[in-house]
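Trainee: What follows is a single structure, and I will ask about it in a moment.
The values are calculated or read from the model by the stated rules, or taken from the named source; none is laboratory data. Only a predicted model underlies this, so the values are computations on that prediction, with no experimental measurement involved. Here the Cβ positions follow ideal geometry from the backbone for every residue, glycine too, while neighbour counts run over all protein chains shown.
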Amino acid sequence: MAASPSEGEGWGEGENERLDGLERKSETWQQAADLAAALGRLPLALEHAAAYVASKGSSYASYHQLFNERQNELWQRAEKPERYHATITTTWELAFDEIKKTPGALELLNLCCFLDPESVPLALIYQISTVKAQHAAPLQAVVADELALDDALGALRRYSLVQKADGALALHRLVQAVARSRMDEDLSQSWLETAVKLLVDQFNYDQNDMRSWAYCGELLPHVTFAVNLAEQVTYETSSVAYLNNEGGRYLQFFGNFAATKPFLERAAQIYESISGSEHPHTATSLNNLGFLLKAMGDLPAARPFFERALAIYEKALGPDHPDTALSLNNLGFLLKAMGDLPAARPFYEYALAIREKALGPDHPDTAQSLNNLGFLLRAMGDLPAARPFYERALAIREKALGPDHPDTAQSLNNLGLLLKAMGDLAAARQFYERALAITENALGPDHPTTAIRLNNLAWLAHDEGDFAEAARLMRQALAILEKRLGPDHPDTVRSRNNLAAIEAKISS
């Protein structure tokens, strides 16, 4: 799915210890600490590291590098510590051989090797039945039988390969690494493919459906883990591209722009590689990258992505397709942000016409176009003309998305902006405060959009003559933006300038 922005947030005035005898501060201590962290402080692994370093006269840093590059060889060459009778690999080999005796146990471990090891929800494991994979059949049979699943989990826990708590499984990263190293290339790829398919089935992020957000947040570490493994082994499929795209969209929606970029870049690269440069999937990825660059404040860099996406959509899907409308909307959004209001208007109007015809007058995307046209008209100074667009967008969103959705909050915010511009400060405050409450509840108190809501309330307090309250709210907004977007983002700079202007009023 492609991302498409909706205008009207507002920024300007009214807009939007010790270790093994080593001194804590020494370089050697830091090397040892880094290595211990990489080994997960697993006692057996730490013993082998110490034995290797001592026997070779090596350093912790050298061992760390070897561990990263040639893990299995390193473990096999290590001197056996006196209190152990086997190397790491042979110790776990015995455990792996034992769990084979319990149906489904090895397959359950294999699946967990391609998911984030910190917390694998059992609710996700139960959905393995939705995936077509012959090697997963024993696990699918076990999952369907509660007692058999208990037996499989019991075998894994008995040999300390997994832990179970709070409806989730956890396993040590080194257990994961050793278990994956035992698989030949075909089996490893098959289990990676299975994990990816499982996540594609379950990661159903829908920006418009707030019910999807919590479970997708729970699955995001597993999406991240699986796509990172896929990148390491150059496993490129449409399913991997889809997970990258959807994971990126989720991260961006919740304001984590820096983490979003590698997801969307991988999605674009894979889609173009497997589908071609003129495929709608490629256009979707280009559009999403443009949307991200715009959100990060790099407007010139965003433009070629939007323009190329539009050209692909028009050629592949036709001029009246909703995806074409999405691209038109995004170009209008960019032109508006760059200050070219007259040029933005036909893009918005064409997008609205397509959406009303293709999606209907009450669709959230239609509301987005109505909102954006209202915002443009307000920016052009035609306040009376803007109002019906805003009001219709709000009515659609409240009905289609609900009263507690961030897009509903955006429409409330925009009506507040309009009423403030029309001089009705008391009415504007009601809209602003409701918008802030919804945004904080839905997205969190430190989301960039929350900062925008605070900014608008700050300017309202300023216009009401309460400069101290205005400064307090603007400082709160600035702190969020500096933390989430960085000190040099245009929104951060704008907020800093706004605060300086307000503080100047106080000191004058």
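Trainee: Against the definition (buried (at least 16 other Cβ atoms within 10 Å of the Cβ) and aliphatic (A, V, I, L, M)), how does LEU317 come out, yes or no?
Mentor: Here the answer is no, as LEU317 does not meet what is asked.
Trainee: Here's something else I'd like to know. Answer yes or no as to whether LEU169 is in contact with a helix residue (DSSP H, G or I) (Cβ under 8 Å, 6 or more places away or on another chain), assigned to a strand (DSSP E or B), of a type outside the set (Ser, Thr, Tyr) and under 29 Å from ALA214 (Cα atoms).
Mentor: Yes: the conditions hold for LEU169.
Trainee: Still on this structure: Go through (1) under 15 Å from LEU417 (Cα atoms); (2) surrounded by 21 or more Cβ atoms within 10 Å (Cβ to Cβ) and name the single condition GLU464 misses.
Mentor: The failed condition is (2).
Trainee: Within segment 234-254, restricting attention to residues that are of a type in the set (A, V, I, L, M, F, W, C) and modelled with pLDDT of 95 or more, which residue is farthest from ARG397 (Cα to Cα)?
Mentor: Here the answer is VAL240.
Matching residues to (1) modelled with pLDDT under 95; (2) in contact with a Ser or Thr (Cβ under 7 Å, 6 or more places away or on another chain); (3) more than 25 Å from LEU243 (Cα to Cα):
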residue	(1), (2), (3)
ILE128	no, no, no
ALA137	yes, no, no
ASP166	yes, no, yes
HIS172	yes, no, no
GLN176	yes, no, no
VAL200	no, yes, no
PRO221	no, no, no
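Trainee: Moving to a separate point now. Could you list, in sequence order, all residues of segment 365-406 that are part of a helix (DSSP H, G or I), touching a Pro at 6+ places or on another chain (Cβ under 8 Å), buried (at least 19 other Cβ atoms within 10 Å of the Cβ) and aliphatic (A, V, I, L, M)?
Mentor: If the condition is that a residue be part of a helix (DSSP H, G or I), touching a Pro at 6+ places or on another chain (Cβ under 8 Å), buried (at least 19 other Cβ atoms within 10 Å of the Cβ) and aliphatic (A, V, I, L, M), then ILE396 is the only one that fits.
Trainee: Could you please find all residues in segment 271-304 being aromatic (Phe, Trp, Tyr) and over 22 Å from GLU236 (Cα atoms)?
Mentor: Within segment 271-304, just PHE291 meets the criteria.
Trainee: Are there any pairs, at least 6 apart or on different chains, whose C-beta atoms fall under 8 Å, with the first in segment 161-190 and on the phi > 0 side of the Ramachandran plot and the second part of a helix (DSSP H, G or I) and of a type in the set (A, V, I, L, M), and if so, which?
Mentor: Sorted first by the residue in segment 161-190, then by its partner, the pairs are GLY167/LEU122; GLY167/ALA123.
Rundown of residues vs (1) surrounded by fewer than 17 Cβ atoms within 10 Å (Cβ to Cβ); (2) of a type in the set (Gly, Ala, Ser), yes/no style:
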{"site": "GLU107", "(1), (2)": "no, no"}
{"site": "GLN134", "(1), (2)": "yes, no"}
{"site": "LEU139", "(1), (2)": "no, no"}
{"site": "LEU147", "(1), (2)": "yes, no"}
{"site": "ASP151", "(1), (2)": "yes, no"}
{"site": "ALA155", "(1), (2)": "no, yes"}
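Trainee: State the number of residues belonging to segment 211-221 that are surrounded by 15 or more Cβ atoms within 10 Å (Cβ to Cβ) and under 20 Å from LEU401 (Cα atoms).
Mentor: 4
Trainee: Of the residues that sit in segment 109-132 and are buried (at least 18 other Cβ atoms within 10 Å of the Cβ) and among the aliphatic types (A, V, I, L, M), which one is nearest to ALA170 (Cα to Cα)?
Mentor: VAL120
Trainee: Please go through segment 350-366 and give me each residue that is in contact with a helix residue (DSSP H, G or I) (Cβ under 6 Å, 6 or more places away or on another chain) and under 18 Å from ASP209 (Cβ atoms), ordered by number.
Mentor: LEU359, ASP362, PRO364, ASP365, THR366
Trainee: What do you reckon, is ALA311 assigned to a helix (DSSP H, G or I), in contact with a Gly (Cβ under 8 Å, 6 or more places away or on another chain) and of a type in the set (Gly, Ala, Ser)?
Mentor: Here the answer is no, as ALA311 does not meet what is asked.
Trainee: Mind listing just one residue for me: the one in segment 276-305 that is within 24 Å of ARG494 (Cβ to Cβ), aliphatic (A, V, I, L, M) and assigned to a helix (DSSP H, G or I) and, of those, nearest to the chain's Cα centre (by Cα)?
Mentor: LEU292
Trainee: Now a separate question. Mind checking which pairs have a first residue in segment 249-278 that is crowded, with 23+ Cβ neighbours inside 10 Å and a second that is acidic (Asp, Glu), Cβ under 7 Å, 6 or more apart or different chains?
Mentor: Cβ pairs passing all conditions: ARG266/GLU231; ILE270/GLU236.
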